[in-house]
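The values are calculated or read from the model by the stated rules, or taken from the named source; none is laboratory data. Because the structure is predicted, anything quoted here is derived from the model rather than measured. Ideal geometry is used to build each Cβ from the backbone, glycine not excepted, and the neighbour counts take in all protein chains shown.
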């Protein structure tokens with residue numbers, strides 16, 4: 001696997017750190033591309049890759065291409081734009097890492113097949129340090145034989161790896177996971193904001209929450225940050241709004257009532273509208289503590 | 001402590017099992033009382049106590065009285081009704097175990113003082129097996145010296161014991177804890193209901209939720225029950241509606257916006273209105289799975 005030429009498209013904090021991780025582990029990172037050509041040039045120097053001038057050049061220089069873009073429009077552009085990854089793509093494997101709508105993963109999969117290539121969706125439920133250290137949580141959808149053929153690479157990027165079904169299914173699971181996580185986060189913000197208003201000792205309250213049925217993963221990761229207003233971004237409020245929005249559309253299509261997901265989407269959408277979309281998801285506490293964004 | 005005569009008022013599944021627990025541990029359970037006199041007579045035989053014909057008799061026969069009633073109206077009745085616990089209550093200690101509004105704990109505390117007695121609120125965040133085994137999670141409010149004087153007894157009833165402040169504060173913390181727990185529960189029901197509708201493997205989905213930011217205590221306690229429709233009651237939907245309702249009133253008084261707590265209260269209130277209030281809180285999944293209560 002380590003003899004394969006790897007390309008990466010989308011060199012934000014996730015993509016850039018995945019490139020560094022693969023390079024550290026001895027992979028041949030051959031080609032990198034980002035809309036921001038300075039970012040691409042700098043990373044290319046760091047991992048000894050070629051900074052490509054266009055997407056077709058990435059495909060030409062790589063056997064496996066990892067794409068890490070932020071939304072459906074960017075995904076549309078790199079696969080269906082004038083300059084795109086599918087030109088000369090025969091025999092290539094695309095591994096698409098991002099939470100997008102299930103629908104676009106299906107379309108990209110079909111177009112890759114038409115071009116003689118293969119593709120997987122590899123949805124990540126992790127953040128920047130995990131990308132850097134090869135400890136991602138990956139949920140993969142697509143053809144199972146393609147999954148098996150790229151498993152050593154996926155294993156090196158991840159600490160947990162789940163094959164969940166055909167293309168589109170991984171984004172469904174990811175949207176669900178983030179929908180539930182976002183609700184739990186917004187719930188915690190309500191509890192702590194109310195506790196503060198009632199004059200409770202928040203350190204004690206955090207401890208009690210952690211010993212009872214109210215315990216949650218986000219209590220561990222976001223509880224103290226909410227109290228301290230430390231909203232350095234690991235997973236942005238804007239991103240939370242996007243993922244909850246994807247889940248809401250799926251729920252609507254299935255006729256499943258999801259009032260809590262809706263209320264959570266509304267909170268994160270409100271944050272974004274207030275210019276707080278770049279804060280970490282813990283920033284939802286800015287809406288529930290007196291004298292913060294509330295006032 | 002074990003030489004003190006203990007009385008118990010309210011012999012439901014919690015109160016009855018607390019009496020059994022104390023009796024097993026060698027306490028002198030002297031007097032018991034319940035509106036249902038058959039329940040009281042049967043328990044009295046079991047723990048070798050006197051089944052009292054009225055509340056004043058419990059006070060006469062006890063030094064410490066534990067009350068375990070279900071709501072503010074019942075609490076009002078046992079302390080301020082025609083037959084009540086405060087008659088001849090000088091020197092008695094009342095330990096009031098129930099999630100009531102913070103306000104009534106304050107009123108009972110003041111009335112106990114007027115009667116020459118003392119009182120504590122001891123809110124439980126646990127269920128029936130914990131009551132039986134002396135493994136309650138107890139949050140205590142009231143006078144700290146009264147707390148210290150009854151600590152050996154409270155320790156024998158609990159596995160975690162927190163003194164949280166003056167009378168009323170423990171119910172505030174309890175309402176907050178249950179508010180957050182109920183939201184997390186209703187969130188999980190939305191995620192699993194949507195996952196089922198999407199045709200996902202729910203066993204895999206439960207596993208993935210447990211490995212990601214969506215992990216929660218209620219995932220461990222209620223996840224499989226929601227899938228299996230096993231809603232045997234540990235903490236009823238009606239109770240969930242009550243506790244979320246108390247928290248909502250506190251939030252409203254403080255001017256804290258709590259849209260998720262509201263959406264959760266609405267779900268549990270809806271369940272109760274549909275005649276599903278006796279189900280466990282996990283039964284909220286009946287509202288989010290196709291072909292269940294939804295249909």
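Hey, among the residues in region A:237-254 that are more than 7 Å from chain B (Cβ to nearest Cβ) and over 20 Å from the mean Cα position of the chain (by Cα), which one's nearest to residue B:263 (Cα to Cα)?
Step by step, filter region A:237-254, then rank; the result is A:252.
State which residue is surrounded by the most Cβ atoms within 10 Å (Cβ to Cβ) when the search covers only region A:17-35 and only residues that are assigned to a loop (DSSP other than H, G, I, E, B) and touching a residue at least 60 places away in the same chain (Cβ under 8 Å). Steps first, please.
The initial filter retains those residues of region A:17-35 that are assigned to a loop (DSSP other than H, G, I, E, B), namely A:25-27, A:34-35.
Next cut, touching a residue at least 60 places away in the same chain (Cβ under 8 Å) only: A:25, A:27.
Working: A:25: 12, A:27: 22.
The residue in question is A:27.
Residue under question is residue A:79, and the condition is that it be in a strand (DSSP E or B), more than 14 Å from chain B (Cβ to nearest Cβ) and modelled with pLDDT of 95 or more; does it hold?
Details: in a strand (DSSP E or B): no; more than 14 Å from chain B (Cβ to nearest Cβ): yes; modelled with pLDDT of 95 or more: yes.
When the stated conditions are applied, residue A:79 does not pass them.
When the residues of region B:188-203 are filtered to those that are touching a residue at least 24 places away in the same chain (Cβ under 8 Å) and within 7 Å of chain A (Cβ to nearest Cβ), which remaining residue is farthest from residue A:191 (Cα to Cα)?
B:197
State yes or no: is residue A:225 modelled with pLDDT of 95 or more, in a loop (DSSP other than H, G, I, E, B), more than 11 Å from every other protein chain (Cβ to nearest Cβ) and over 24 Å from residue B:287 (Cα atoms)? Let's see the steps before the verdict.
Working: modelled with pLDDT of 95 or more: yes; in a loop (DSSP other than H, G, I, E, B): no; more than 11 Å from every other protein chain (Cβ to nearest Cβ): yes; over 24 Å from residue B:287 (Cα atoms): yes.
No.
If I ask for residues that are assigned to a loop (DSSP other than H, G, I, E, B) and in contact (Cβ under 8 Å) with a residue 40 or more places away in the chain, which ones from region B:259-287 would you list? Spell out the reasoning first.
Initial filter on region B:259-287 (assigned to a loop (DSSP other than H, G, I, E, B)): B:274-279.
Within region B:259-287, B:277, B:278, B:279 meet the criteria.
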